[in-house]
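Data first, discussion second: the structure below is written as C-alpha cells.
The values are calculated or read from the model by the stated rules, or taken from the named source; none is laboratory data. Just so we're clear, the structure is a prediction, and the values are computed from it rather than from any experiment. When we count neighbours, we look across all protein chains shown, and the Cβ atoms used for this are built from the backbone with ideal geometry, even at glycine.
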Amino acid sequence: MKVIKQSPIKATLTLLALALASTTTMAQELAITVTNLTQGLHFTPVVTAAHSNESRLFMLSDMASTELQAMAEGGDISGLVSLLSNADANINENPAGGLLAPAMSASFTLTNDSGNTHLSLAAMILPSNDGFVGLDSWEIPDEAGTYTVFLNAYDAGTEANDEIRGSGVPGEVGMPVPPPLDASIGMNGTGVTDMEANNKVHIHRGSLGDDDMSAGKSDINNSVQRWLNPVAKLTITVL
C-alpha cells in the first residue's frame, strides 16, 4: 500500500478549509413571526436573539438584572441589546417599528452565523408596571422545519403592580402610558397595591383592573386589558 505524506503547509491549509466549511455549515437562517394574541395589550419594541447556552435574558426565580428592569418597566431594550452584543449573539431589534398592537404580527429574518444554539425574546407589556412577554433560551432545532412556541407574560418583580399611571422610569411607581393607549387607560386610580411578595422574575398574575375610568383602584380597563396566558405566539422556520 502506498502512503502519501502530506506536507505540513498543505495539512494546515486543509484543516483551515475544513474549519471554514464547518463554520459555513453551522450558519442558519431563521424566519420568525411574533404575534400579539391579546385583546387589548401592546408590546413595546421586541428584542430577539440567537445566543449560546451560557447567555440568558432572564431566568425564572432569579432577581431581574438592571437591563431587564429597564425593559420591563419602561420598554428600553438598549441594555439587553448591549449585553447580547457583548456575548456574540445574533440580534434583531424592533421588527414592528414601534409598538406591536393587539392581534398584529411582525415578521423578520435572523441570521445565526455564530454557532449560537438558543433563542430568546423580550418586550414590555403595556399597560403594566413591570410585565413583559418573554422566551427564555429555547433550543434552536438543527432540523429544517416550522416550529410554534406560545409565550407567557412574566413579572420582573422590580415594581409593585399598582396599575396606576406613571412615568415608566425604572425605580419610579406607575405605568407608562404612551399615546396609542392614552384613550383606553383610566386615571386617578388609588392603586391596587403598594407592595409585592415576590421580588424575583415570575409568571405574571395578570392585571386586575376595574370599570371606573375616572377613579377606582386601577387605571386599567378590566373589560379590555386583562389577560390570561399565553399572550403571544412565535413561529420559527429553520431554513
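The sole residue among Phe58, Phe108, Phe43 that is closer than 18 Å to Val149 by Cα, in contact with a Pro (Cβ under 9 Å, 6 or more places away or on another chain) and modelled with pLDDT of 95 or more is Phe108.
Conditions (1) surrounded by 16 or more Cβ atoms within 10 Å (Cβ to Cβ); (2) modelled with pLDDT of 95 or more, marked per residue:
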position: Leu119; (1), (2): yes, yes
position: Phe132; (1), (2): yes, yes
position: Asp142; (1), (2): no, no
position: Gly145; (1), (2): no, yes
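Taking the listed residues Gly191, Gly186, Gly131, Gly145, the one that is of a type in the set (Gly, Ala, Ser) and within 21 Å of the chain's Cα centre (by Cα) is Gly131, with no other qualifying.
In segment 212-239, the qualifying residues are those that are not aliphatic (A, V, I, L, M) and not in a loop (DSSP other than H, G, I, E, B), and the one that is nearest to the chain's Cα centre (by Cα) is Lys233. Looking across segment 100-127, the residues that are within 16 Å of the chain's Cα centre (by Cα) and closer than 16 Å to Leu83 by Cα come down to His118, Leu119, Ser120, Leu121, Ala122, Ala123.
A quick yes/no check of all residues on (1) aliphatic (A, V, I, L, M); (2) in contact with a Lys or Arg (Cβ under 8 Å, 6 or more places away or on another chain); (3) modelled with pLDDT under 95:
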site: Pro180; (1), (2), (3): no, no, yes
site: Gly186; (1), (2), (3): no, no, no
site: Val192; (1), (2), (3): yes, yes, no
site: Ile203; (1), (2), (3): yes, no, no
site: Ala215; (1), (2), (3): yes, no, no
site: Ser223; (1), (2), (3): no, no, yes
site: Arg226; (1), (2), (3): no, no, yes
site: Thr235; (1), (2), (3): no, no, no
site: Val238; (1), (2), (3): yes, no, no
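Looking only at segment 39-70, filter to residues that are surrounded by fewer than 22 Cβ atoms within 10 Å (Cβ to Cβ) and of a type in the set (S, T, N, Q); which one of those is nearest to Ala101 (Cα to Cα)? Top of the filtered list is Gln39. Please go through segment 193-239 and pick out each residue that is hydroxyl-bearing (Ser, Thr, Tyr), surrounded by fewer than 19 Cβ atoms within 10 Å (Cβ to Cβ) and over 24 Å from Ser107 (Cα atoms). Within segment 193-239, Thr193, Ser214, Ser223 meet the criteria. Looking across segment 71-80, the residues that are assigned to a helix (DSSP H, G or I), small (Gly, Ala, Ser) and either crowded, with 20+ Cβ neighbours inside 10 Å or out of contact with any Asp or Glu (no Cβ under 8 Å at 6 or more places or on another chain) (or both) come down to Ala72, Gly74, Ser78. Residues considered: Ala160, Ala153. Of these, the only one that is within 21 Å of the chain's Cα centre (by Cα) and assigned to a strand (DSSP E or B) is Ala153. Scanning segment 85-116 for residues that are charged (D, E, K, R) and without any contact (Cβ under 8 Å) to a residue 60 or more places away in the chain yields Asp88, Glu93. For residues that are in contact with a Leu (Cβ under 8 Å, 6 or more places away or on another chain), over 9 Å from Ala49 (Cβ atoms) and aliphatic (A, V, I, L, M), scanning just segment 84-103, find the one that is surrounded by the fewest Cβ atoms within 10 Å (Cβ to Cβ). Taking the candidates together, the pick is Ala103.
All of Leu119, Leu60 fail the test of being touching a residue at least 12 places away in the same chain (Cβ under 8 Å), under 21 Å from Ala232 (Cα atoms) and not in a loop (DSSP other than H, G, I, E, B), apart from Leu119. The sole residue among Glu163, Glu159, Glu143 that is of a type in the set (Asp, Glu) and in contact with a helix residue (DSSP H, G or I) (Cβ under 9 Å, 6 or more places away or on another chain) is Glu159. Take the conditions (1) touching a Ser or Thr at 6+ places or on another chain (Cβ under 9 Å); (2) without any contact (Cβ under 8 Å) to a residue 12 or more places away in the chain; Pro179 misses just one of them, which is (1).
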